[in-house]
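Heads up, the thing below is written out as structure tokens.
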Amino acid sequence: MLGFLKNPVVVTAEINMNLVALTVMGLISRLWGLSYPRAVVFDEVYYGQFVSLYMKRIFFVDDSGPPFGHMLLALGGYLGGFDGNFLWNRIGAEYSMNVPVWSLRLLPALTGALCVPLAYQILVELQFSHCAALGAALLILLENSLITQSRFMLLESILIFFILLAVLSYLKFYNLQRHSSFSGSWWFWLLLTGVACSCAVGVKYMGLFTYMLLLAIAGLHFWHMIGDQNFSNVSLMCHFLARGLALIIIPVAMYLSFFYVHLTLLYRSGPHDQIMTSAFQASLEGGLARITQGQPLEVAYGSQITLRNVLGKPMQCWLHSHTNTYPIRYENGRGSSHQQQVTCYPFKDVNNWWIVKDPGMQQLVVSNPPRPVRHGHIVQLVHGITTRYLNTHDVAAPLSPHSQEVSCYIDYNISMPAQNLWRVEIVNRESDTDVWKTILSEVRFVHVNTSAVLKASGFLSGASLPEWGYRQLEVVGEKLSKGYHQSMVWNVEEHRYGKSQEQKEREVELHSPTQMDISKNLSFMAKFTELQWKILTLKNEDTEHKYSSSALDWITMDTNIAYWLHPTSGAQIHLLGNVVIWASANVAALIYMCLSLWYLIRRRRKIYDIPEDAWQLWASGGGSCVGGWAANYLPFFLMEKTLFLYHYLPALTFQILLIPIVLQHLGNHFCRSLLLKSMFSALIVAWFSSVYLVYCTFSPVTYGEPSLSVTELKDLRWRDSWNILIRKP
């Protein structure tokens, strides 16, 4: 029974020494001197702030993309014991001793290093020779711009790693398709494709370009399967469901999980709260939650409330009034009602409080039991401090003459009666009997007499009231509006049930804290939807940056970015590519497109210059690389944002993979004699030597050392458009 123990247990393994050597070289090139310089390098000043906020569990919003990449950088800080205490205020600032520089930069460096063996494996899976695959990996290894970008706390190397991993996983899955469908390895590579795609998109939305490309390729491959009679209907359905699960459902689920972890980690109130809704703010620990905790949930007649405009851009503001009146005449000669001013005020103030009144009753307190206000109910809004009623009438607003003035009514005993009835419309209601809820309900106030909608117009015009209005934002009645805009939507932020009928007692009550305890926790999906919408729509002012560039500048590398300059010596770091590699990549792309067009025209005429298997290899392998380049480059021509050279690096990576593909094709099909093959090989050796020479030449500004003299720095300015920093004597 135990006879199997008579023989030793032997485990054999095949080790690809090419992969081992490439991985080691990649690690050395990216990890060597990783802690140098011990100072903030370019966009580390940007990403470092988010790492500190993660360490302190403080909520933030970054409009540049999803949170997965930020969390990976924060993981490095966590593993290094970073406490988040560092002021990320300027490039070049020296890191304090509590900042684990090596740990923070480790993950980008590791992913950058692993891109080298990934490039090798991708060309092998595309059925090209190991020599071509080795060439592709060495080009990635010696590309100065990829080295620079992977040695600092930046996201591009992580993005490129997941992009290449997704491409490799799909190629392995596709190659297994022919002989071992639904095997364990088949499922592994298919699922890893979806996981890598979701990670790429989770790092930066630029990953979406490669994800869409792979979906298109998978769709094309499945379309060919449909025409294959060897597949039964059941088999085709199983393949379709497997691809749908791995390439759509799992990536979506993972994308949601990134936000779930992000929101779970960042549970404390922070500086970015104000752009979120009151409901979101109240779900965070501290900040608004400290104010709103214990508020009544349902707004009732007699409730004392503050009304925050939902738009919240460029700043949050609350419906506000004060004792001052509109001037009798404005500067342009137009007249006003001389009623009490109503504005939108960007700070919390006792004059932001309003009382919800039943038009049919005089009392300003909540009855027992409370009578909740529902969608469609008519209310009056009484200003808490001045006890005047919110009013609008057919008088032009001060800054928006096509809209109605909104005021608090003062009875001047003239022929201008009060028009102070407002209909409550709950925009996000589930039914027409919904109760108006604190924080959760988004409401519009429609004027009964004129059908005008209460609107904070100052957000859209960008203008504030003159000195007589204390530079506060204008509030108007928008009569002609038929659509929905967030500037017309309000939500109750602070709320208490009024108990004092006397005005003096009421004023004291408005300053006192609430006592009741109602939870305002939002569901994850509600928070995700709001945060995702903010990320997609929040636009920082795109100012022209010294090192910004256009997409056309990238192909010929007419631009560079100075990442860091030593405070005393000439040592500096630049994002500069290997000129020979960039030029070769452009030539390879041009040759590929011209040759492909030539082959297609000739094949149309039934002339076949190369064997069918060579054509399939050329079309699929080269097409994938050109497609990856185009998908990651062309969309930038449609973007209205500040662009930098590093945005081109994912596209450049695909273009570099194309170089050995073109070289192998030319060597196999255009160099037919032994002499031509020898000359071609010699040219490749000379060309590769020049690649290495340029890599070495620009290494001082890739790694930041050794320090170069003024003459040496001037010699590196191969283009007049490059900004090599030279200190004045």
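The values are calculated or read from the model by the stated rules, or taken from the named source; none is laboratory data. Keep in mind that what you see is a predicted model, and the values were worked out from it rather than measured. All Cβ positions, even for glycine, are placed from backbone atoms using ideal geometry, and neighbour counts span all protein chains on display. Ligands, DNA and RNA are stripped out before the accessible areas are found, and what is left, the full protein with its side chains, is counted by its heavy atoms. Shrake-Rupley method; radii C 1.70, N 1.55, O 1.52, S 1.80 Å.
Here are the numbers for the structure shown:
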| quantity | calculated |
| --- | --- |
| Cβ-derived FRET efficiency at R0 45 Å, Ala253 paired with Phe680, nearest 0.05 | 0.35 |
| Which listed pairs, of Lys437/Lys641; Lys546/Lys728; Lys527/Lys641, have C-alpha distances above 31 Å, in listed order | Lys437/Lys641 |
| Charged-residue dipole, Cβ positions (Lys, Arg, Asp, Glu), the chain about Cα centre, Debye nearest 20 | 940 |
| Set of aspartates and glutamates with alpha-carbon distance to Lys348 below 15 Å, sequence-local pairs under 8 removed | Asp273, Glu493, Glu494 |
| Relative frequency of Cα-Cα separations exceeding 27 Å in the stretch 1-152, percent | 41 |
| Coordinate range along principal axes, alpha carbons of the stretch 563-669, Å, largest first | 67, 34, 16 |
| P(r) weight above 44 Å for the chain, C-alpha pairs, percent | 43 |
| Förster-model FRET efficiency, 56 Å R0, Met225 and Asn586, C-beta, rounded to 0.05 | 0.95 |
| Stokes-Einstein D in µm²/s, Kirkwood radius over Cα pairs - the stretch 294-518 at 10 °C with 1.306 mPa s viscosity | 91 |
| Straight-distance crosslink candidates among aspartates and glutamates, where the alpha carbon sits under 12 Å from Lys56 and sequence neighbours closer than 8 are dropped | Asp83 |
| Approximate spin-label separation Ser181-Val20, in nm, with each point projected 7 Å along Cα-to-Cβ | 3.8 |
| Inter-centroid distance (Cα atoms) of the stretch 48-114 relative to the stretch 139-185, Å | 24 |
| The stretch 122-165, Rg to Rh (Cα coordinates; Rh as Kirkwood inverse mean 1/r) | 1.05 |
| Alpha-carbon gyration tensor eigenvalues x 5, square-rooted, for the stretch 627-728, Å | 33, 25, 10 |
| Those aspartates and glutamates that a straight Cα-Cα span of less than 20 Å connects to Lys479, excepting residues fewer than 8 apart in one chain | Asp394, Glu405, Glu425, Glu442 |
| Cα-based convex hull, the stretch 303-435, per residue volume (Å³, whole number) | 143 |
| Estimated FRET transfer efficiency (Ile414, Arg717; beta-carbon r; R0 56 Å; 0.05) | 0.15 |
| Those Cys residues of the chain for which no other cysteine Cβ falls under 4.7 Å | Cys115, Cys131, Cys197, Cys199, Cys238, Cys408, Cys594, Cys625, Cys671, Cys696 |
| Listed residue (Asn560, Gly623, His545) projecting farthest to the positive dipole end of the stretch 540-645, Cβ model | Gly623 |
| Extension gain, Leu208 back to Asp553 (0.36 nm per residue minus Cα-Cα distance, nm) | 121.9 nm |
| Hull shadow area, averaged, the stretch 621-681 [alpha-carbon convex hull, nm²] | 5.1 |
| Net length gained if the chain between Asn668 and Tyr78 were fully extended (0.36 nm per residue, minus Cα distance) | 207.2 nm |
| Accessible area expressed per residue, the chain, with surrounding protein chains retained (probe 1.4 Å, Å²) | 45 |
| Arg727 paired with Val261, simple spin-label distance in nm, labels 7 Å along Cα-to-beta-carbon | 4.3 |
| Value of [θ]222 nm, deg cm²/dmol, for the chain, DSSP H segments ≥ 4, -39500 (n - 2.57) each, nearest 500 | -14000 deg cm²/dmol |
| Kyte-Doolittle mean at least 0.0 and Cα axial length at least 18 Å: DSSP H helices in the chain | 17-31, 101-125, 156-177, 184-203, 207-226, 250-265, 524-537, 579-604, 649-669, 674-703 |
| Ellipsoid semi-axes in whole angstrom, largest first, where each is sqrt(5λ) of the Cα gyration tensor of the stretch 542-728 | 38, 22, 10 |
